[in-house]
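The values are calculated or read from the model by the stated rules, or taken from the named source; none is laboratory data. None of the values given here were measured: they were computed from a predicted structure. Reconstructed Cβ throughout: ideal geometry from the backbone, glycine too, with neighbour counts over all protein chains shown. The accessibility values were calculated without ligands, DNA or RNA, using every heavy atom of the protein model including side chains. Shrake-Rupley method; radii C 1.70, N 1.55, O 1.52, S 1.80 Å.
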Amino acid sequence: MKRLNRRRFLGTTGAALAVPALLPRGLKAAEGPIRVGLVTPTTGPLAFFAAPDDFVLAQFAEVLAQGANGRPIEIIVKDSQSSANRAAEVASELILRDEVALILSAGGPDTVNPVADQCELNGVPSLSTACPWQPFVMGRGSNPAQGFEMTYLFAFGLEDVIGAYLKLWEGVETNRKVGLLLANDADGNAWGDAQFGFPPALAQAGYEVVDPGRYTPMSDDFSAIIGQFQSAGVDIVMGTMIPPEFLTYWTQSHQQGLQPKVTTIGKSLLLPNVLEAAGASGEGLSCELGWHPAFPFTSASTGQSAAQIAEAWQAATGRPWVQTLGLKHALLDLAVDVLKRASDPEDADSILAAIRETQCETTLGVADWSASPIANVAKSAMMGGQWHLGPDGWTIDIAANPTDLPVPVTRPMEAM
């Protein structure tokens, strides 16, 4: 089927929230900026994914002004409001109204998948991160061999999260009973998938799985699930949740006296503000660790190491570094690298050719789609981290490294 050409539908271009492109003096209108869309959950329960956006865009201001092919790059930012439907709407706006050449997205399947679907439908290239590849590929009706035409992902897979969690739990003596805490949403259903999710992997590793089923997203009552965990005597609770869900669960689990030795929760524990909300009871909580200042990579665009990016963030904000900082920085790295190498940054086929030939170093790792056995997916590393409260606040230590990266464990996993 021939690709739908979005420009046939265009009339006038409307205004949008944009990062100034810092146009060089004397630039003619015909030589205007290359427009790139960024769909991000600035507001709503997924807003923690967007926490570093303004900072990262400021870090790239000079790089974007230099641009590609003699033209600056303009980033047009759209808020998905943490809604899959809204993510699709604003992606459509970027394509049909703003005439972007490329769309970027990050923030789990609820942000990435609807944006990617709009790009696939309308023939616009997209780059995404911060989403496991399984919901990105299988959740959109494809498979690792088939892939897609327009949409590419640089991220981890559930197998990497599983490997990190199993490595974390090796450090604690438990009864090997694991309670699953998963929502009935794209992430929860992927993590709980009977074929490629946690249940078969845990069973193969010798763990007994206690699965109470999927809870309703944004649930305010976890008492029944907590009761099942107590009856089964689980020593480990794991899942993936957004912050409001986790904080509700955490409060109720303490009220009901559930005291597992390990609680490892994906997504919601990426940032220290959730630990601050949980208080001292959060000591020893653990999660996946997809980026850390110790990562041994350098940004191709800004020349910063992972440690330098973290230091710049702390100097600018006075806050501890966050994992999403490295993910967003890597996404901008890729966009700049691709547009610089595209022979025509306004032509989709030219951009796609550049994406397929990418071997770009970011502080998240080297993105190389040609080296991946999964169509349209370039893999990034995943480690395991554990939170500890110290004199200067909450910090996350590298507690497990199942990868071959030369990154040392900074503090071994401990029971809660």
With every protein chain kept in place and a 1.4 Å probe, the chain has an accessible area per residue in Å² of 38 Å²
In nanometres, the difference between 0.36 nm per residue of separation and the alpha-carbon distance of L405 and R319 is 28.3 nm
Tilt relative to the chain, helix 243-255 - C-alpha long axis, 0 to 90 degrees, to 10 = 10 degrees
Choose one of V56, V137, N122: the residue whose Cα lies farthest towards the positive end of the charge dipole of the stretch 50-145 (beta-carbon charges +1 Lys, Arg; -1 Asp, Glu; about the Cα centre).
-> V137
Take every DSSP beta bridge with both residues inside the chain and express the antiparallel ones as a percent of the total, to the nearest 5.
-> 35 percent
What share of all Cα pairs of the stretch 270-415, in percent, falls into each consecutive 5 Å distance bin?
-> 2, 9, 17, 19, 18, 13, 10, 7, 4, 2, 1
What FRET efficiency comes out for the pair M416/A307, r = Cβ-Cβ distance, R0 = 35 Å, nearest 0.05?
-> 0.75
Let a ≥ b ≥ c be the square roots of the eigenvalues of the Cα gyration tensor of the stretch 119-185; is it rounded (a/c under 1.5), or, if not, prolate (a/b larger than b/c) or oblate?
-> prolate
Kindly count the pairs of lysines across the chain whose alpha carbons are less than 25 Å apart, treating pairs on different chains or eight or more residues apart as eligible.
-> 15
Antiparallel as a % of all DSSP beta bridges within the stretch 235-310, to the nearest 5?
-> 10 percent
Projected onto their principal axes, the Cα atoms of the chain stretch, largest extent first, over whole-Å spans of 69, 47, 37
Only helices counted: for the chain, with every DSSP H run of 4 or more residues adding -39500 (n - 2.57) and the sum spread over all residues, [θ] at 222 nm is -10000 deg cm²/dmol
For the stretch 211-331: span of alpha carbons on each principal axis (Å, largest first) = 53, 25, 25
The chain, accessible surface, carbon-and-sulfur percent (1.4 angstrom probe) = 50 percent
Taking a label point 7 Å from the Cα of A205 along the Cα→Cβ vector, which residues of the stretch 215-244 have an amide N closer than 13 Å to it?
-> 236-239
Dipole magnitude of the chain about its Cα centre, charges +1 at Lys/Arg Cβ and -1 at Asp/Glu Cβ only, in debye to the nearest 20?
-> 740 debye
